[in-house]
Amino acid sequence: MIKLSHRLQKIADLIQPGETVADIGTDHGFLPMALWEAGISPHVILCDINSGPLDKARVNIEKYFPETEFDVRLGSGLSAIHPGEVDAVVIAGMGGLLISEILSEDMEKTRTFKRIILQPRNAQDKLRAWLVGNGFSIYDESLVREGKYLCEIIAVLPGNAEYSPGNGSALSGEWVDLEVSPVLLKKQDPLLVEFIENKIRIEKKILSAVKNGAEKNKYEKMERTEHRINLLEELRKRSLT
Ligand SMILES: C[S@@+](CC[C@H](N)C(=O)[O-])C[C@H]1O[C@@H](n2cnc3c(N)ncnc32)[C@H](O)[C@@H]1O
């Protein structure tokens, strides 16, 4: 039985029984193999842009399921799958900007999938802004610890703009709503306080570097950073209550 990491398990938990899945950037292939093995997904497609990772996935298939033929495809982003070919698409472990590029390459195709699960490694705020700006609805988010990182998992319904930055948060439209998702605040994710405190720590470091530096617009930058810290402190307080 394949044992997934907490991060991959959290992603797997968002796939509904019976849903077919394409894992874009599958690398080792553990997520789709585990979904198939658990009887959740009757068909899984393992896609990657590079043949090296797919060779790794094939080695794992041979090791765990030597009798089973998995659907393994080489290709960039969603180009390896047909419109509507699967119910759910997973894109995990890539940068937020790359994820938005993959989704935007063929928007018509992207909108044919029922569910898209994303786990950006960085630029999460930019990805959220892109999703919201393009009419995708973020219906769930989770934080999960992986080593020293807190990973953000974003579950999306394409083409249904019920969410806008600010839903569930009084700080509507602020930068902070893209950085600390109102969905996480609403559901009081157990790692949320730590997540916000990490951000406050980073902003405080920036503030002290700007204070001690001789940059142009130093006071403007200090004011902006102080404002960010205040907003984050406010969210921290709110997530403690
Ligand atoms: C860090 S691994 C993530 C593996 C797995 N999804 C996970 O979350 O554990 C990123 C994988 O994405 C693949 N990749 C990068 N750009 C891609 C693209 N445009 N289309 C498909 N796969 C891509 C890489 O080859 C690599 O195997």
Next on the checklist: Out of everything in region 88-106 that is more than 8 Å from the ligand (Cβ to nearest atom) and surrounded by fewer than 18 Cβ atoms within 10 Å (Cβ to Cβ), what residue ends up being farthest from L127 (Cα to Cα)?
Outcome noted: D106
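For region 1-95, which fully contained strands (runs of 3 or more DSSP E) count at least 2 residues that are in contact with a Gly (Cβ under 8 Å, 6 or more places away or on another chain)?
21-24, 44-48, 88-94
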Item to check | Pairs, first in contact (Cβ under 8 Å) with a residue 24 or more places away in the chain in region 5-16, second of a type outside the set (A, V, I, L, M, F, W, C) and within 11 Å of the ligand (Cβ to nearest atom), C-beta under 8 Å, six or more apart | outcome: S5/E146; H6/E146; R7/Q119; R7/E146; I11/Q119
Next on the checklist: Restricting to region 6-38, give me the number of residues that are more than 16 Å from T68 (Cβ to Cβ), near the ligand (Cβ under 7 Å from one of its atoms) and hydrophobic (A, V, I, L, M, F, W, C).
Outcome noted: 2
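Return the residues of region 16-32 that are within 19 Å of I99 (Cα to Cα) and β-branched (V, I, T); say none if nothing qualifies.
V21, I24, T26
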Next on the checklist: Looking for something within 21 Å of V156 (Cβ to Cβ) and hydroxyl-bearing (S, T, Y) - is there at least one such residue anywhere in region 51-67?
Outcome noted: no
Checklist entry - Here are some residues: S51, S41. Which one is loosely packed, with under 15 Cβ neighbours inside 10 Å and more than 8 Å from the ligand (Cβ to nearest atom)? => result S51
Checklist outcome for this item: Checked region 110-127 for anything buried (at least 17 other Cβ atoms within 10 Å of the Cβ) and within 14 Å of the ligand (Cβ to nearest atom); matches are T110, I116, I117, L118, Q119, P120
Checklist outcome for this item: In region 54-82, anything of a type in the set (D, E, K, R), surrounded by 15 or more Cβ atoms within 10 Å (Cβ to Cβ) and out of contact with any strand residue (DSSP E or B) (no Cβ under 6 Å at 6 or more places or on another chain) is listed as K56, R58
Next on the checklist: Condition first: in contact with a Gly (Cβ under 7 Å, 6 or more places away or on another chain), in contact (Cβ under 8 Å) with a residue 24 or more places away in the chain and of a type outside the set (K, R). Can you find one or more residues in region 215-236 that meet it?
Outcome noted: no
Item to check | Flag if S172 is at pLDDT 95 or above and of a type in the set (S, T, N, Q) | outcome: no
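The values are calculated or read from the model by the stated rules, or taken from the named source; none is laboratory data. Because the structure is a prediction, the values reported are computed rather than measured. Here Cβ is always computed from backbone atoms with ideal geometry, including for glycine, and neighbour counts include all displayed protein chains.
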